[in-house]
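Quick notes on the structure that follows.
The values are calculated or read from the model by the stated rules, or taken from the named source; none is laboratory data. Small disclaimer: the values here were computed from a predicted structure and weren't measured. Reconstructed Cβ throughout: ideal geometry from the backbone, glycine too, with neighbour counts over all protein chains shown.
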Amino acid sequence: MNNELKEKREQRLNQASYELSDEIIKVKDRLDKAHLLLEEITDEYFDEYDIKDEEDCSAIIWEFSRNAKRANIIFDYVNGAIDIIDELYAMTGKAVEEKKKNIA
């Protein structure tokens, strides 16, 4: 009996994963893009220059605008992912409430 319950639970989880796959792909895509840009900023800007070096200070100022734009893009990607997760979380809350009403 216990194995039967585990199998049914596994089937429900598989079905839920399948139905959420589009949203999961959207979230992963946004986070992958944000991660890539963040790696570039870290490697090409923060790890590249030393604020104590006078020559680097001018490069830091020169590169600031470009990296500020990259940071804004990252912000947009992360916020897009959060919006999708928030929407799914709200849907989950509604589904749980409906389930509770049906049980009671």
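Counting only residues that are of a type in the set (A, V, I, L, M, F, W, C), touching a helix residue (DSSP H, G or I) at 6+ places or on another chain (Cβ under 9 Å) and at pLDDT below 95, how many does region 10-58 have? Spell out how you get there, then give the answer.
Step one: list which residues in region 10-58 are of a type in the set (A, V, I, L, M, F, W, C), which gives 13, 16, 20, 24-25, 27, 31, 34, 36-38, 41, 46, 51, 57.
Subsequent filtering for residues that are touching a helix residue (DSSP H, G or I) at 6+ places or on another chain (Cβ under 9 Å) retains 20, 24, 27, 31, 34, 37-38, 41, 46, 51.
Pick out the ones that are also at pLDDT below 95 and you get 20, 24, 46, 51.
Looking only at that region, the number is 4.
If you check V78 against the conditions, is it β-branched (V, I, T) and at pLDDT 95 or above?
Yes: the conditions hold for V78.
Pairs only if they're at least six apart or on different chains, beta carbon under 7 angstrom, first in region 40-57 and without any contact (Cβ under 8 Å) to a residue 24 or more places away in the chain, second surrounded by 12 or more Cβ atoms within 10 Å (Cβ to Cβ) and assigned to a helix (DSSP H, G or I); list them, first residue then second.
Short answer, once both residue conditions are applied: Y45/E63; Y45/N67; Y49/D56; Y49/A59; Y49/I60; D50/D56; I51/C57; I51/I60.
Among the residues of region 34-67, count how many are loosely packed, with under 10 Cβ neighbours inside 10 Å and closer than 26 Å to A81 by Cα.
1
Out of all the residues in region 10-22, is one or more surrounded by fewer than 11 Cβ atoms within 10 Å (Cβ to Cβ) and of a type in the set (A, V, I, L, M)? Can you show your working first?
Taking region 10-22 and keeping what is surrounded by fewer than 11 Cβ atoms within 10 Å (Cβ to Cβ), we get 10-15, 17-19, 21-22.
When the remaining residues are screened for being of a type in the set (A, V, I, L, M), the result is 13.
Yes, region 10-22 has at least one match.
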